[in-house]
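Written below as structure tokens is the structure these notes are about.
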């Protein structure tokens, strides 16, 4: 049986790992990032991922909901680089919400389940969700809730994945309910349209996200060793772990997508 809290605890541990924090430039991000804009490190790529999601929204102002905000890095980026009137951020983890409230003090941050949004209908002008919807129990429930709480004409923009048919430990163990398994991008598009979204656009950016991340994480231990921030022995162990991580994601993820749609009206 899928266990949301087990996934929350796993991410709490991963996001607080000292080497993970250093790889992400102590930014609070934890995603593959978007590298097509010329990012040269993981922090910049992760910031660019938020920016490209905002660019795909029909309006970049008003009230925005940051779903699965993690430790608040995406929320902070929205506050510092964009012009939304008010930012609300939600996450299932109290520990991550505590971190997010410190990182983005001007935002409203709440512990909340993305599949059971506790907001009235027609509340938000925009919703973003960075690399998390495949975890939700279920993705479809979240998308229906997103449509409900968006104002007419409001936009949804997210990054998400289509997993391979055989996803190994990604299903259940690492956090994808079986109900979220879709065969291809066309099925994802059909799901959005059947729920009631209009203006659906899905771009496969696997190479500019997962592919570039895999190259970056494999090169990082050597760069740390050259910079003198990691010993030779430590770098060998980290490099071996990076190879395993890279291979795992390559084997389990079929497509990484930028997805945008709007509520009719």
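Any residue at all in region 58-77 that is closer than 28 Å to residue 216 by Cβ, touching a residue at least 60 places away in the same chain (Cβ under 8 Å), in contact with a helix residue (DSSP H, G or I) (Cβ under 6 Å, 6 or more places away or on another chain) and part of a strand (DSSP E or B)?
Within region 58-77 (the criterion being closer than 28 Å to residue 216 by Cβ, touching a residue at least 60 places away in the same chain (Cβ under 8 Å), in contact with a helix residue (DSSP H, G or I) (Cβ under 6 Å, 6 or more places away or on another chain) and part of a strand (DSSP E or B)), the answer is yes, since at least one residue qualifies.
Looking at residue 249 and the list (1) buried (at least 16 other Cβ atoms within 10 Å of the Cβ); (2) in a helix (DSSP H, G or I); (3) touching a strand residue (DSSP E or B) at 6+ places or on another chain (Cβ under 9 Å), which single condition is not satisfied?
Failing condition for residue 249: (3).
Go through region 41-57 and report how many residues are free of Cβ contacts under 8 Å to residues at least 60 places away in the same chain, surrounded by fewer than 19 Cβ atoms within 10 Å (Cβ to Cβ) and in contact with a helix residue (DSSP H, G or I) (Cβ under 8 Å, 6 or more places away or on another chain).
1
Residues checked against (1) within 20 Å of residue 261 (Cα to Cα); (2) in contact (Cβ under 8 Å) with a residue 24 or more places away in the chain; (3) assigned to a loop (DSSP other than H, G, I, E, B):
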site: 199; (1), (2), (3): yes, yes, no
site: 229; (1), (2), (3): no, yes, yes
site: 238; (1), (2), (3): no, yes, no
site: 244; (1), (2), (3): no, no, no
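Looking only at region 96-118, how many residues end up being surrounded by 16 or more Cβ atoms within 10 Å (Cβ to Cβ), part of a loop (DSSP other than H, G, I, E, B) and touching a helix residue (DSSP H, G or I) at 6+ places or on another chain (Cβ under 8 Å)?
Adding up the residues that qualify gives 6.
I'm trying to understand the selection: among the residues of region 78-95, which are touching a helix residue (DSSP H, G or I) at 6+ places or on another chain (Cβ under 8 Å) and in a helix (DSSP H, G or I)?
Across region 78-95, the qualifying residues are 78, 81, 95.
Tally time: how many residues in region 32-68 are on the phi > 0 side of the Ramachandran plot and touching a strand residue (DSSP E or B) at 6+ places or on another chain (Cβ under 9 Å)?
2
Might you let me know whether region 207-227 holds any residue that is within 18 Å of residue 129 (Cα to Cα), part of a helix (DSSP H, G or I) and touching a strand residue (DSSP E or B) at 6+ places or on another chain (Cβ under 8 Å)?
Looking for residues that are within 18 Å of residue 129 (Cα to Cα), part of a helix (DSSP H, G or I) and touching a strand residue (DSSP E or B) at 6+ places or on another chain (Cβ under 8 Å), one finds at least one in region 207-227, hence yes.
Quick check on my filter: what residues within region 15-32 are under 20 Å from residue 236 (Cα atoms), part of a helix (DSSP H, G or I) and touching a residue at least 12 places away in the same chain (Cβ under 8 Å)?
19, 22, 23
Any read-out appearing in this document is the output of simple, stated calculations on the displayed coordinates, not a laboratory observation. If you're wondering where the values come from, they're calculated on a predicted model, not measured in any experiment. With ideal geometry, Cβ positions are generated from the backbone for all residues, glycine too; neighbour counts draw on all protein chains shown.
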